[in-house]
Amino acid sequence: MSVAVSEGVVVPAPRLSPALVNGQRIMIECPGWCVTDHVVENERHLEDVAHRGAPVDLMVPGVVPELLAYVRLGAYPFDEGGRPFVVVGNDSEAVAELTPGQAGVFAERLERLAAAVRDQARSARV
C-alpha cells in the first residue's frame, strides 16, 4: 500500500516494526522509507532509535569507482520532534543532517556543479 504525499511524491505507508531498546522488545511506527533493522540496532535509549532510508550514492567513475558522497533520509522519532531530514555523508561519516529547505539549496548547488562538470568535459574534448 502506498500513500501519496505533496508534490506528486509517492511513498510506502508507515508500518509497525519491532525494535530492541536496551534489550526490551517494543513496537514502533516506521516510515515507509525506513530500511533500518531496529532489532539489530538494539539502542540503549529510546531517543537513540533512528530511522534510515536507503542511500543514494554518488560514485566517481574510473577503473575502481569510488564513493564521493551519499544522501539518505533520516529521523529520530523520539527526539527532535521526529521530523525527517536529509543526511549527506561519505565513506567515513555522516557530514550533515539537512532540513528540507537546506536540502533544496544543496540540490541547487549540485545542479550548478553538474553543469560545470559538463562544461569542463566539453572544453576538455576540444
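See the values below:
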| read-out | value |
| --- | --- |
| GNM top mover of Val60, Val95, Val86 - the chain, alpha-carbon springs below 10 Å | Val60 |
| His45 versus Val64: modelled label distance in nm, points set 7 Å from Cα along the beta carbon direction | 4.0 nm |
| Sum of -39500 (n - 2.57) over DSSP H runs of 4+, divided by residues of the chain (222 nm, nearest 500) | -8000 deg cm²/dmol |
| Selected from Ala69, Ala96, Ala114 as most flexible by GNM, with the chain as the system and alpha-carbon contacts under 10 Å | Ala114 |
| Residues Glu41, Glu111, sorted so that the one with the fewest Cβ neighbours within 10 Å comes first | Glu111, Glu41 |
| In segment 2-89, trypsin sites (Lys or Arg not before Pro) in a DSSP loop with at most 15 other beta-carbon atoms within 10 Å | Arg44 |
| Over segment 2-125, equivalent-ellipsoid semi-axes from the Cα gyration tensor in Å | 33, 17, 13 |
| Potential extension, Glu111-Val11 segment - 0.36 nm per residue separation minus Cα distance | 33.6 nm |
| Which of Ala75, Ala94, Val9, positive extreme of dipole for the chain (C-beta unit charges) | Val9 |
| In degrees, nearest ten, helix 100-125 long axis to first principal axis of the chain (Cα) | 30 degrees |
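Each reported figure results from applying straightforward, stated rules to the coordinates on display, with no laboratory input. All figures in this text were calculated on a predicted structure; none of them were measured in a lab. When we count neighbours, we look across all protein chains shown, and the Cβ atoms used for this are built from the backbone with ideal geometry, even at glycine.
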